[in-house]
Amino acid sequence: MSKKMWGGRFAKPTHPLVEKFTGSIHYDCRLAEYDLLGSMIHVEVLRRAKLLKTGEASRMYKALEALHANAVKGAYVSDPSSEDIHTDIQNKLERSLGELALKLHTARSRNDQVAFASKLYTKMKALEIGTLISNLIKALGSLADKNKGLLVPAFTHMQHAQVVRLRDYLGAYAEMLKRDAVRLDAVAKNVRLVMGAGAVAGTPIDSVKYEIKSPGGLSGALAKSFNIHPVSNSIDAVSDRDYVIDMLGAMAIVGMHVSRLSEDLIIWSTKEFGFVSLDEAFATGSSLMPQKKNPDVLELARGYSGRLYGNLVNSLIVMKGLPLSYNRDMQLDKEPLFDSVNIVSSELRVFAELVKTLTFNKANIENALEDESLYATDLVYYLVDKGIPFKTAHSMIGRLVKHSIDSSIEIKSMSQAELDKYSDKLLRADIIRLLNPAVSVKSKRSIKR
Ligand code: ARG
């Protein structure tokens, strides 16, 4: 059992079952890098406040920096018997620095530490996921470029509706993902990194000492915008987990979009549709049926959206009944947060590759585009152009379509005399020209490109 940060008041050792029940090191060890950065900044605050001499501060900073470098490399090894990552770091520091390390926790509590570390984690992961989203958007764009000019049926209610460009079909997913990127960027921007809350009431250190612009330890885009502010409400600072919920919400929506894309691809890759083929490297087989090429990646992404929603709801419920300020219940925010970050990051990575390898089966798509019902609306517009009111034209073409279905005669095979029964304005030559995917798509002029 490793040393606790609060042993003094207790004469009895903690029951081993309680140790196990309350410990979080097995998952919050992921926060090592972020907690260490927080500690490095805290050392600077203590130096400014003259609670650490310059020499002491630099020794402590260096020790923390070395641990931080290890954590960034994924080489930080935590002791599984530590209560949590904050305890683990403190214990490591005591082993390397001796008594000096006992000063690190001056004017600090794990309550503000964990809030800082998880805020920084959230901010960085929101930015990282934003980049992964951009990669998937790019992959969808190159898939559209590769299949330039390809037209596909669009569906409403999963029934044939009208013809659209594949570029726009894929572009619809790009639009969703662009909104996701904006949402994640907003999550990152909303995370305000504050210090000085202490356990709940603030600390004796003057707020100006907590005003730190671009502290060291970070590289990349975040480094420039990474400023520490003095806390403006210490009670809220230790009790707020809105940023976790914002992040889980934004990730749940990403998951929903990836799940819808998966569903479209699952349907389009069925034998019945046969619009798209998955690359073998992104499909799986069956242990029993030798012929199978299954879309398991897509199915898992669809399934994972359930976990992403669950993680969001889980955190909302944990938080809803909590009185101010910090309560240990809040320790439970991390597993859903980490889980969702893992799921979304890995699915975005795999989709950016999977999407690039998709191949569209033009013959099957062209066959589907033969369905005249896809052009029924165009025939209505044609009659409207000839001065027939829309509702009247809709009903005329509706009756024509019904006749075509009931008699199994295609509209393009009907004689002029037959067409005349539905409207004397339906000129056969025009109708044949309109029953065409390229003409249909070209006639839609409302989309600003
Ligand atoms: N491991 C805890 C968490 O994640 C750290 C805070 C514990 N604070 C306390 N006063 N027991 O929330």
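Among the residues of region 30-63, the ones that are in a helix (DSSP H, G or I), of a type outside the set (Ser, Thr, Tyr), in contact with a Leu (Cβ under 8 Å, 6 or more places away or on another chain) and crowded, with 19+ Cβ neighbours inside 10 Å come to 11 in all. Screening Thr270 on (1) part of a helix (DSSP H, G or I); (2) without any contact (Cβ under 8 Å) to a residue 40 or more places away in the chain shows it passes everything except condition (1).
Could you tell me whether region 94-104 includes any residue that is more than 16 Å from the ligand (Cβ to nearest atom), surrounded by fewer than 23 Cβ atoms within 10 Å (Cβ to Cβ), over 25 Å from Pro204 (Cβ atoms) and not small (Gly, Ala, Ser)? Yes, region 94-104 contains at least one residue that is more than 16 Å from the ligand (Cβ to nearest atom), surrounded by fewer than 23 Cβ atoms within 10 Å (Cβ to Cβ), over 25 Å from Pro204 (Cβ atoms) and not small (Gly, Ala, Ser). A Cβ distance below 8 Å, combined with a sequence gap of six or more or placement on separate chains, defines the contacts here; from region 137-161, residues that are in a strand (DSSP E or B) reach residues that are exposed (fewer than 13 other Cβ atoms within 10 Å of the Cβ) and at pLDDT 95 or above in the pairs Leu151/Ala438. Contact map, region 71-84: first residue touching a residue at least 12 places away in the same chain (Cβ under 8 Å) and open to solvent by 40 Å² or more (accessible area, probe 1.4 Å), second residue acidic (Asp, Glu) and within 15 Å of the ligand (Cβ to nearest atom), Cβ cut-off under 6 Å, separation 6 or more or different chains; pairs are Asp79/Asp88. For region 405-413, the criterion of a residue being more than 17 Å from Gln162 (Cα to Cα) and surrounded by 13 or more Cβ atoms within 10 Å (Cβ to Cβ) is satisfied by at least one position. Among the residues of region 288-327, those that are among the β-branched types (Val, Ile, Thr), open to solvent by less than 80 Å² (accessible area, probe 1.4 Å) and away from the ligand (no atom under 16 Å from the Cβ) comprise Val297, Val313.
Go through Gly217, Gly202, Gly198, Gly171 for me and flag whichever is at pLDDT 95 or above, open to solvent by 20 Å² or more (accessible area, probe 1.4 Å) and at positive phi.
Only one candidate qualifies: Gly202.
Quick test for you: out of Ser118, Ser134, pick the one residue that is within 16 Å of the ligand (Cβ to nearest atom), open to solvent by less than 50 Å² (accessible area, probe 1.4 Å) and not aromatic (Phe, Trp, Tyr). It would help to see each step written out before you state the result.
Numbers: Ser134 fails: within 16 Å of the ligand (Cβ to nearest atom).
So the residue among Ser118, Ser134 that is within 16 Å of the ligand (Cβ to nearest atom), open to solvent by less than 50 Å² (accessible area, probe 1.4 Å) and not aromatic (Phe, Trp, Tyr) is Ser118.
The values are calculated or read from the model by the stated rules, or taken from the named source; none is laboratory data. Source: prediction; values computed, not measured. FYI the Cβ positions are ideal-geometry reconstructions off the backbone, even for glycines, and counts take in every protein chain you see. Please note that ligands, DNA and RNA were not included when accessible areas were found on the heavy atoms of the full protein model with its side chains. Shrake-Rupley method; radii C 1.70, N 1.55, O 1.52, S 1.80 Å.
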